[in-house]
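*Asks:* Dropping a structure here in structure tokens format, bear with me for questions.
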Amino acid sequence: MSNRALDTVPARVSATSTLSQSLTMAYRGLLKVRRTPEQLFDVTVQPIIFTLMFTYIFGGAVSGNPQNYLPLVIPGILVQTVITASVVTGVQLREDMDKGVFDRFRSLPIARIAPLAGALIADTVRYLIATLLTFAVGFIMGWRPQGGAFHVVLAGLLVIVCAFALSWIFAFFGVIARTATSVQGISMLILFPLTFLSNAYVPVNTMPKWLQAFVNINPLSHLIAAVRDLANRGLVTSDIAISLAGAVILMLVFAPLAVRMYMRKV
Amino acid sequence: MQTLTQAARSQTTAAQGAPLAIEAHQLVKLFGRHRAVDGVDLQVRAGTVYGLLGPNGAGKTTTVRMLATLLRPDGGQARIFGYDVVKEAQRVRQLIGVTGQYASVDETLTAMENLMLFGRLLGLSRRDARQTAERLLEQFGLTEAKNRPLRHFSGGMRRRLDLAASLIARPPLIFLDEPTTGLDPRTRAQMWDTIRDLVREGTTVLLTTQYLDEADQLAERIAVIDRGRVIAEGTPDELKSSVGQSSLHLTFQNPADVPRAREIVEAALGAQATPSPEGRRLIAPVSDTSRLPDVLVALKAAGIEISELGVQKPTLDEVFLTLTGHNAEPTTEGEDADVQPRA
Ligand SMILES: Nc1ncnc2c1ncn2[C@@H]1O[C@H](COP(=O)(O)OP(=O)(O)OP(=O)(O)O)[C@@H](O)[C@H]1O
Ligand SMILES: [Mg+2]
């Protein structure tokens with residue numbers, strides 16, 4: 001034990017170790033989900049309730065009848081549900097960080113980003129569940145996406161990738177905030193206008209001009225449009241590129257910020 | 001067993017000239033304006049057990065957390081096997097195992113999953129991680145409970161799992177922050193054995209404790225820490241002799257004899273005797289043991305019957321009280337005999 005070569009201790013964690021540590025942490029996240037399935041409440045109940053509710057409330061007014069409204073609203077609800085689920089990622093990260101086990105993670109010779117990345121990767125499972133349920137409920141209600149199965153899957157993946165990227169913002173809040181409730185508060189404050197001031201539920205041309213200006217630059221509008229084109233028409237549009245570019249930029253900004261703040265807490 | 005003991009002995013001898021596992025110089029930590037740690041110096045030789053002894057809020061945990069790279073010092077430096085805890089934190093983390101004051105294991109996972117998780121994070125293959133986990137669970141008597149979530153673990157089981165988790169990588173230095181607080185006497189004795197085993201294998205252990213006999217039993221050197229400062233440092237024996245001489249403890253058949261006995265004892269020993277609160281005992285410092293027979297003869301002559309008699313060396317408790325100044329009972333002079341108070 002004492003014969004360990006003390007002078008060959010490496011100073012940094014290699015990229016491959018970083019990846020495998022992040023995946024190990026993600027595995028921990030999945031185990032936790034399995035132990036506490038009630039954490040999945042939001043991603044199981046919300047897609048079902050929202051899809052039913054919005055379709056029957058707005059369907060007649062916006063599209064003449066609920067049936068015709070489905071192609072418009074399902075992508076909208078999908079994006080809103082999954083993005084909202086990514087807020088919960090930040091909240092749960094905050095709660096998790098207050099637990100004793102994070103002390104051990106900090107004292108282990110592992111990449112600083114691994115505990116954060118692991119939590120965020122594990123949560124893509126939540127996004128996947130939300131996506132599947134939203135599509136399933138829509139399908140049961142009579143939505144028949146014309147783009148075909150392949151494009152629907154592609155649309156689902158696009159939303160999950162973007163939600164993962166966005167979750168770094170909420171992870172950042174999770175790291176800097178003092179309590180889980182404040183993370184929830186700040187995040188919702190940002191998210192609410194973003195999701196509702198978009199093309200999610202009504203056609204943009206029914207809105208006043210000044211609002212249209214905002215809605216059209218809202219990145220979530222681009223994501224929703226991309227999903228609609230993919231699922232309903234099998235079209236690959238520039239909205240996909242815009243959404244992905246936005247996702248990458250967000251991640252490049254907020255992932256390093258979150259890790260830096262996490263390290264500063266040490 | 002024989003060879004192990006021999007190995008242990010040679011370790012101890014080797015430890016005299018061993019390199020420093022921990023070297024802290026004027027460590028400071030502020031919480032707001034409160035100096036939780038206020039210029040702590042520490043030198044811990046590799047292969048030894050070092051005890052940090054202090055009352056609640058003395059700054060023990062804060063000191064350990066700084067040494068374990070969990071807190072950034074506001075002043076001073078610390079090195080672990082020569083590596084700076086701030087500038088080379090990543091290296092330091094590869095050399096230490098930390099068992100904090102509060103359990104740092106995952107409550108939602110089982111014991112097995114916890115150890116597997118930490119093993120995998122430390123770069124073990126799935127198989128090695130499993131084997132190591134099995135071995136440690138066995139060693140800490142947790143095999144039967146290995147698939148239960150920690151929610152259902154008792155405090156002692158959690159504590160043991162916590163220590164097991166710190167041993168996965170076989171680090172050469174282990175921090176144990178109050179490792180036996182809240183444990184029953186049997187589990188506490190087991191923990192002591194584990195700590196002794198670790199040292200026998202060459203591991204350096206820094207432990208904090210409020211149990212004075214624990215430091216006495218385990219540690220080769222002790223730093224007494226109070227209000228963020230090291231107020232004394234030395235071997236348990238040095239600390240004890242710093243408080244001064246032995247004391248005579250007498251218990252009497254009849255409590256009514258105590259006042260008279262007190263006069264006799266004080267006259268014979270030439271020092272002040274203190275009656276105990278329950279009024280049946282007398283305690284008096286003994287500077288010259290050759291006078292003890294005189295005391296007994298005088299008591300017998302006065303017809304006072306003694307039911308119990310003993311001469312005790314000062315306990316670490318008394319050392320502690322003397323040094324921290326939170327005196328519970330009157331103590332003798334000679335506080336600075338062998339150790340150098342640094343306050
Ligand atoms: N995170 C913190 N924020 C503010 N004050 C703190 C913090 N941690 C510790 N303190 C203060 O610093 C002082 C030293 O605390 P520390 O936990 O190091 O003491 P300790 O010797 O470990 O005590 P105990 O025996 O109770 O564990 C205490 O006065 C405590 O209130
Ligand atoms: Mg403490």
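Since every read-out is calculated from the coordinates, none of them should be taken as a lab result. In this text, all values refer to a predicted model and were calculated from it rather than measured experimentally. Cβ coordinates were reconstructed from backbone atoms using ideal geometry, including for glycine residues, and neighbour counts include every protein chain displayed.
*Asks:* Just to be sure I understand the curve: with the Debye formula and one point per C-alpha of segment B:244-313, what is log10 I(q)/I(0) at q = 0.14, 0.22, 0.24, 0.29 Å⁻¹?
*Replies:* Values returned for q = 0.14, 0.22, 0.24, 0.29 Å⁻¹ are -0.34, -0.88, -1.07, -1.60.
*Asks:* For chain A, what is the largest minus smallest coordinate of the Cα atoms on each principal axis, given in angstrom and ordered from greatest to least?
*Replies:* Taking the Cα atoms of chain A, the three principal extents are 78, 37, 34 Å.
*Asks:* Based only on other Cβ atoms within 10 Å, what is the fewest-to-most ordering of A:Trp168, A:Trp143? Provide the component values of the computation, followed by the final result.
*Replies:* Working: A:Trp168 27, A:Trp143 22.
Exposure proxy ranking, most exposed first: A:Trp143, A:Trp168.
*Asks:* Over all residues in A:19-32, what is the mean tally of Cβ atoms on other chains that come within 10 Å of each residue's Cβ?
*Replies:* Across A:19-32, the average partner-chain Cβ count within 10 Å equals 3.
*Asks:* Can I ask one more? Quick one: go through segment A:70-113 and flag any residue whose amide nitrogen is under 18 Å from the point 7 Å out along the Cα-to-Cβ line of B:Arg170.
*Replies:* A:109
*Asks:* Going down the list A:Lys32/B:Lys29; A:Lys99/B:Lys60; B:Lys87/B:Lys146; B:Lys240/B:Lys300; B:Lys29/B:Lys146; A:Lys32/B:Lys60, which pairs span over 29 Å between their C-alpha atoms?
*Replies:* Correct reply: A:Lys32/B:Lys29; B:Lys87/B:Lys146; B:Lys240/B:Lys300; B:Lys29/B:Lys146; A:Lys32/B:Lys60.
*Asks:* So what J values fall out for segment A:197-211 if you push phi through Karplus, 6.51 cos²θ - 1.76 cosθ + 1.60 with θ = phi - 60°, rounded to Hz, Gly and Pro as x?
*Replies:* Once θ is set to phi - 60°, the couplings for segment A:197-211 become 7, 9, 8, 5, 10, 9, x, 5, 5, 8, 9, x, 4, 4, 6 Hz.
*Asks:* Convert 10 °C to kelvin, take the viscosity as 1.306 mPa s, use the Kirkwood radius over C-alpha pairs of segment B:4-240 as Rh, and evaluate the Stokes-Einstein diffusion coefficient in µm²/s, rounded to a whole number. Before the final figure, lay out the partial values.
*Replies:* Numbers: Rh = 18.2 Å.
The estimated diffusion coefficient comes to 87 µm²/s.
*Asks:* I would also like to ask the following. On a 0 to 90 degree scale, rounded to 10, what angle separates helix A:66-97 from the longest Cα axis of chain A?
*Replies:* With rounding to tens, the tilt is 20 degrees.
*Asks:* Return the inverse of the average 1/r over all pairs of distinct C-alpha atoms in the protein assembly as shown, which is the Kirkwood hydrodynamic radius, in Å to one decimal.
*Replies:* Computed over Cα pairs of the protein assembly as shown, the Kirkwood hydrodynamic radius comes out at 28.6 Å.
*Asks:* Another question, if that's okay. With only Lys, Arg, Asp and Glu charged, each at its Cβ (+1 for the first two, -1 for the last two), find how big the charge dipole of segment A:115-257 is about the Cα centre; round to the nearest 20 debye. It would help to have the intermediate numbers written out before the result.
*Replies:* Working: 6 positive and 3 negative charges, 33 e Å.
My answer is approximately 160 debye.
*Asks:* Plugging the Kirkwood radius over Cα pairs into Stokes-Einstein for segment B:165-242, at a temperature of 20 °C and a viscosity of 1.002 mPa s, what D comes out in µm²/s? Provide the component values of the computation, followed by the final result.
*Replies:* On the way: Rh = 13.5 Å.
The Stokes-Einstein estimate is 159 µm²/s.
*Asks:* Please report the equivalent ellipsoid semi-axes of segment B:48-123, computed as sqrt(5 x eigenvalue) of the Cα gyration tensor, largest first, in whole Å.
*Replies:* So the equivalent ellipsoid measures 25, 18, 11 Å along its semi-axes.
*Asks:* Using Cα pairs under 8 angstrom and six or more residues apart, how large is the relative contact order of chain A, in percent?
*Replies:* 25
*Asks:* Please determine, in degrees from 0 to 90 and to the nearest 10, the orientation of helix B:111-121 with respect to the longest principal axis defined by the Cα atoms of chain B, where the helix direction is its Cα long axis.
*Replies:* Between the helix axis and the principal axis of chain B, the angle is about 60 degrees.
*Asks:* Peptides A:225-238, B:295-308, B:176-189: what's the order by average Cβ count within 10 Å, highest mean first?
*Replies:* A:225-238, B:176-189, B:295-308
*Asks:* Ok, one more. At a Förster radius of 22 Å, what calculated FRET efficiency corresponds to the Cβ-Cβ distance of A:Thr16 and A:Leu257, to the nearest 0.05?
*Replies:* Here the calculated transfer efficiency is 0.35.
*Asks:* Using a 10 Å cut-off on Cβ to Cβ distances, tally the other chain neighbours for every residue of B:105-116 and report the average as a whole number.
*Replies:* Per-residue shielding by partner chains comes out at 4.
*Asks:* Got the relative contact order for segment B:4-240 handy, in percent, Cα pairs under 8 Å and 6 or more residues apart?
*Replies:* The normalised contact order for segment B:4-240 reaches 28 percent.
*Asks:* If I fit a long axis through the Cα atoms of helix A:238-265 and take the longest principal axis of the Cα atoms of chain A, what angle between them do I get, 0 to 90°, rounded to 10?
*Replies:* Compared with the principal axis, the helix lies near 30 degrees.
*Asks:* Give me, ordered by chain and number, the residues 5 or more places off B:Arg45 or on other chains with an amide H under 5 Å from its own placed amide H.
*Replies:* Amide H neighbours of B:Arg45, under 5 Å, 5+ apart: B:Ala21.
*Asks:* Still on this structure: Per q in 0.10, 0.12 1/Å, what log10 I(q)/I(0) does a Debye calculation on the alpha-carbon atoms of segment A:71-214 return?
*Replies:* Normalising to I(0) and taking log10 leaves -0.42, -0.58.
*Asks:* Summing +1 for each Lys or Arg and -1 for each Asp or Glu, what net charge is found among the other residues whose Cβ lies under 12 Å from the Cβ of B:Trp192?
*Replies:* Computed value for this residue: -2.
*Asks:* When a/c reaches 1.5 or more, the comparison of a/b and b/c decides; with that in mind, is segment A:1-120 rounded, prolate or oblate per its Cα gyration tensor?
*Replies:* Prolate, since a/c reaches 1.5 and a/b exceeds b/c.
*Asks:* Could you work out how much longer the chain between A:Leu211 and A:Ile57 gets when fully extended? Use 0.36 nm per residue separation minus the Cα distance between them, nm to one decimal.
*Replies:* Full extension from A:Leu211 to A:Ile57 adds 53.2 nm.
*Asks:* While we're on this one: In whole Å, how far is the Cα centre of segment B:244-309 from that of segment A:64-105?
*Replies:* 77
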